[in-house]
Amino acid sequence: MSNKYYREEIRRSRTTKSGNLPRRMFKLVDEEGNRAPDSIIERSRKNNIIYPIKKEENRRPRLKKVMGGRIEYSKGSMPARNKKNFRPTKSGAGMTQAGVKAYRRLNPGSKLKTAVTGKVKPGSKAAKRRKSYCARSLGQLKRASAKTRNDPNSRIRQARRRWKC
């Protein structure tokens, strides 16, 4: 049995009750990843012992070939930052359709969609999405530096122009 114990993150809540930073939850494990005995856990709580966080060896998403030639990724990651997936600032600064597809492939169950750029009927789902985005991005614009707020070619302004805010 090993004497080395580590903290392993089990989840991260959205925010604390006061609305500050997210709260990180850990469990105590040994080198093999087995749960630490209750006596060790109690001793660490009683004596305020803080064990190091167990590092993940492979943080980047790994490609894994599956039968049939399909490629599968580890979940919870972003697609590559390239011209195929992301639009440059001058043309609206957002994800392309291919980028959204790549993101949804990496994150199954995601509901990410591209920008609403065309003409929409008032009160439709697309119109509501646009209104919501415009309200959110206006808040971002207000919190940005004066240089960003006043620059017509900043990323936030270009994105708002693309969404027709």
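Since every read-out is calculated from the coordinates, none of them should be taken as a lab result. It should be emphasised that the depicted structure is a prediction, and the values quoted were computed from it without experimental measurement. Please note: Cβ atoms are built from the backbone with ideal geometry, for glycine as well, and neighbour counts cover all protein chains shown.
Tabulated data for the structure shown
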item: Candidate aspartates and glutamates for bridging to K54, where Cα separation is under 12 Å - those fewer than 8 sequence places away on the same chain excluded; result: E8, E9, D30, E31, E32
item: Computed over the stretch 116-165, Kirkwood Rh from alpha-carbon pairs, angstrom; result: 11.4 Å
item: Simple spin-label estimate for K111 and K46 in nanometres, 7 Å along Cα-Cβ; result: 4.9 nm
item: Low-density loop positions, trypsin sites (Lys or Arg not before Pro), the stretch 72-165 - DSSP coil, at most 14 other Cβ in 10 Å; result: K75, R81, K83, K84, K111, K113, K119, K164
item: Exceeding the 29 Å Cα-Cα cut-off - candidates K83/K119; K90/K131; K84/K119; K27/K84; result: K27/K84
